[in-house]
1. Sorted by mean Cβ packing within 10 Å, highest first, what order do the peptides B:106-112, A:206-212 take?
2. What nm distances, shortest first, do you get from the label point of A:ALA113 to those in the other copies when the point sits 7 angstrom along Cα to Cβ?
3. Would you mind ranking A:GLU205, B:GLU43 so that the residue whose beta carbon has the fewest other beta carbons within 10 Å leads the list?
4. Whole Å is fine, so just give me how far the alpha carbon centre of segment A:76-115 lies from that of segment A:166-180.
5. What nm distance separates the two modelled labels at B:ASN108 and A:ILE37, each placed 7 Å from Cα along Cα→Cβ?
6. Convert each backbone phi in segment A:200-207 into a coupling constant with the Karplus relation 6.51 cos²θ - 1.76 cosθ + 1.60 (shift: θ = phi - 60°), then list the ³J(HN,Hα) values in order as whole Hz, x for Gly and Pro.
7. Rounded, prolate or oblate: which one fits segment A:67-200, using the alpha carbon gyration tensor with axes a ≥ b ≥ c (rounded when a/c is under 1.5, else prolate when a/b beats b/c, else oblate)?
8. Inside 10 Å of the C-beta atoms of A:92-103, what's the mean count of C-beta atoms belonging to other chains?
There are 2 protein chains.
Amino acid sequence: MSRRTRSDSSLQGIPEATIARLPLYLRALYALADRDIASVSSEELAAAAGVNSAKLRKDLSHLGSYGTRGVGYDVDYLIYQVSRELGLTQDWPVVIVGAGNLGRALANYGGFASRGFRVAALLDSDPAVIGSVIAGHRVRAADEIERVVSDYGVMIGAITAPAVAAQGICDRLVAAGVTSILNFAPVVLSVPDGVDVRKVDLSIELQILAFHAQRRSVVRVLHRGEPGVGVAASNGSPAAAKRTLALDGDGQVRAEAVGS
Amino acid sequence: MSRRTRSDSSLQGIPEATIARLPLYLRALYALADRDIASVSSEELAAAAGVNSAKLRKDLSHLGSYGTRGVGYDVDYLIYQVSRELGLTQDWPVVIVGAGNLGRALANYGGFASRGFRVAALLDSDPAVIGSVIAGHRVRAADEIERVVSDYGVMIGAITAPAVAAQGICDRLVAAGVTSILNFAPVVLSVPDGVDVRKVDLSIELQILAFHAQRRSVVRVLHRGEPGVGVAASNGSPAAAKRTLALDGDGQVRAEAVGS
DNA sequence: CCGACTTTGTGCAAACGTTCACAAGAGCGT
DNA sequence: ACGCTCTTGTGAACGTTTGCACAAAGTCGG
């Protein structure tokens, strides 16, 4: 049991929360390697990655015992181990469907190629865009999804197309054999079991920020002793016109509540 | 008692996980409203948002008792309540720093303006870009951060600049009074207490996908009766292993796995 | 070789999040 | 008014994640 083999950890067992942090550690490790730092303690690495050191140690312990007590972790060795765990020692051809602003941003993204990902093709359905060259790739017709997936052995697809087109594209990707999808369109994709979908939604992130910002401003107002924000008083609510949303004076109730 | 007031919930209590899902519900609700659907059950709404119905009900219960037993939720009313909770009944001017591909994508993003967010200004430090018009905004010099934040009362900033510039931009935004930051640069930003940072990292999402994709292929290979990935053979010394980075046959494993 | 010092790896408990399962409530037909 | 049906809101069980605190295991100076 001193030597933890891959079967212990990889086959089934690394917590999802840990997986989500490994790329963070990897990035911090590469930054250290660039500065020719050969060894790093959990404390230092944790600081660089913006997490708690105990958490970092526990995360890394899921991969195996790759540190040296009293010393720390060997940077290069850890880079290799984390990369291997994440599957980055191999090359992943990615197809990007949708050559709009987001698709271009993705294709041009530097951190893309540098970590084992390679743009296999950039597709779009707009005839005006097809044929143009973006980030060194000639944009191909969206019709070619199946051919591209098959020709390049693509297993990862990024959908950067408009929301209405997303599900259709997704279906075609899946039918063609893609099992991992990165979805930028603001829709919930439905996929068969065994297909992994991750979503990135800019609007959602902004809304979460707005929530906290609003909370802060309400608190601040209270601390200054002002009664309420007076936002719900008259205006604003989308539904207010349609329905009798008279309600309890929300701004005030909320204001009083947050105060404590 | 029976009527749960906002004080119960907002006081200090909505779980972060719930907040993160509210925008999802909101999107689903708007889709329903567009189809003139007036009422929806937790089951239906949950399906539309891609979550479990019990979770949805518990999430909504944190906002208050806005449903009707035996019937469901009134779509318009719930839209209003969720919007209010998220702070979307007011307008949020956002400054975007970095007018590269990502900044343009963000500025052009439709779901942006439609939910209470408004691009106050688009900034860049490249003289070649300053002055050009993107999504109806004349790009201004990055030097104007302080002026823009002050003039428009900006509380949210999006950093779409290169990684090396991100921390500097962040510091200036914070100094100017911005308390919510959406960071697209692949760096860990350090900010004083009270400032909220959310990050979107395309590369991290891809790496997480790669992990699962790799896992799938390894598992599939193993199920076909192959013993194991021959890596545990090497001994435990980091120093020794550091030099022997002889890769186990990853390419093969993957190639075989692809055929499903 | 030893003792002081450093840092990892992990047992444990608390916090947090998810899911089940069902009582309580609301509408509806008779 | 009553019982039937439907759906919410939530207590309780369960699983996951975090963070503390410390033993184990290493380095290093003398």
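Throughout, read-outs are computed from the coordinates displayed, never taken from laboratory work. Quantities reported herein were computed from a predicted structural model and do not represent experimental measurements. Glycine gets a Cβ as well: all are built from the backbone with ideal geometry, and neighbour counts include every protein chain shown.
1. The most tightly packed comes first, giving A:206-212, B:106-112.
2. 3.5
3. B:GLU43, A:GLU205
4. 19 Å
5. 3.9 nm
6. 10, 10, 4, 5, 5, 4, 4, 5
7. Taking the square roots of the gyration eigenvalues as a ≥ b ≥ c, segment A:67-200 is prolate.
8. Mean number of neighbouring Cβ atoms from other chains: 3.
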